[in-house]
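*Asks:* The following block contains the structure, expressed as structure tokens.
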Amino acid sequence: MASRLKLFVPLFIFAVLALFLFRGLSLDPKEMPSALIGKQVPEFLLPDLVTGENRTREHLLGEVSLINVWATWCPSCLHEHPYLVRLASEGVRIIGLNYKDEDAAALRWLQELGDPYALNIADRQGSLGLDLGVYGAPETYLVDATGVVHYRHAGVVDERVWEQTLRPLYEELQR
């Protein structure tokens with residue numbers, strides 16, 4: 001009888017692996033929360049894309065902000081960009097994190113398409129992106145005035161995302 005049960009062990013192992021694989025494939029990275037929710041933005045020392053001056057976490061403090069991870073190689077970032085320009089014109093403070101990009105291309109992009117960023121951090125090697133847990137661009141983090149991350153959105157920020165998700169959280173943090 002025990003030898004007959006041994007015949008079913010590979011089938012059992014296959015079924016368990018198939019279940020884990022199916023579960024893993026059904027995960028949506030947009031729904032994966034950041035490990036930093038409720039924690040401070042990590043310390044960093046990176047140059048400002050526009051001025052070249054060193055920037056640190058302290059430069060993010062003082063106001064509720066969106067940290068927008070973007071790059072010129074990202075087609076979704078191009079789609080998102082006009083809406084960010086609009087939000088910035090309405091007074092929303094947006095910090096840019098230019099992710100693994102070439103400075104000249106990024107500066108040309110901002111000159112041609114508009115610059116919605118209060119400051120723009122050049123993360124050429126992706127070190128801050130790695131510390132934030134960035135999966136890709138675009139991603140946007142909602143950060144309070146003390147530097148605590150409250151929300152992460154993977155994907156394009158458009159009117160629907162802003163009105164339904166980000167704006168209510170943003171306004172709540174401003175109170």
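Please treat every number below as a calculation from the coordinates, not as lab data. Keep in mind that what you see is a predicted model, and the values were worked out from it rather than measured. Cβ placement follows ideal geometry from the backbone for every residue including glycine, while neighbour counts extend to all protein chains displayed.
*Asks:* Fewest first, what order do 127, 34, 89 take by the number of other Cβ atoms within 10 Å? All intermediate terms of the calculation are to be shown ahead of the outcome.
*Replies:* Values: 127 14, 34 19, 89 10.
Ordered by Cβ neighbours within 10 Å, fewest first: 89, 127, 34.
*Asks:* To the nearest whole percent, what portion of all C-alpha pairs in the stretch 31-174 is separated by more than 20 angstrom? Could you put the intermediate results ahead of the total?
*Replies:* Numbers: 4059 of 10296 pairs.
Of all Cα-Cα distances in the stretch 31-174, 39 percent exceed 20 Å.
*Asks:* Same structure, new question: Which distance in Å, rounded to a whole number, links the C-alpha centroids of the stretch 127-171 and the stretch 40-78?
*Replies:* Each part's Cα centre sits 12 Å from the other's.
*Asks:* Given the Cα-Cα distance of residue 164 and residue 85 and 0.36 nm per residue of separation, how much length would full extension add, in nm?
*Replies:* Values: separation 79, 0.36 × 79 = 28.44 nm, distance 1.87 nm.
Length gained, residue 164 through residue 85: 26.6 nm.
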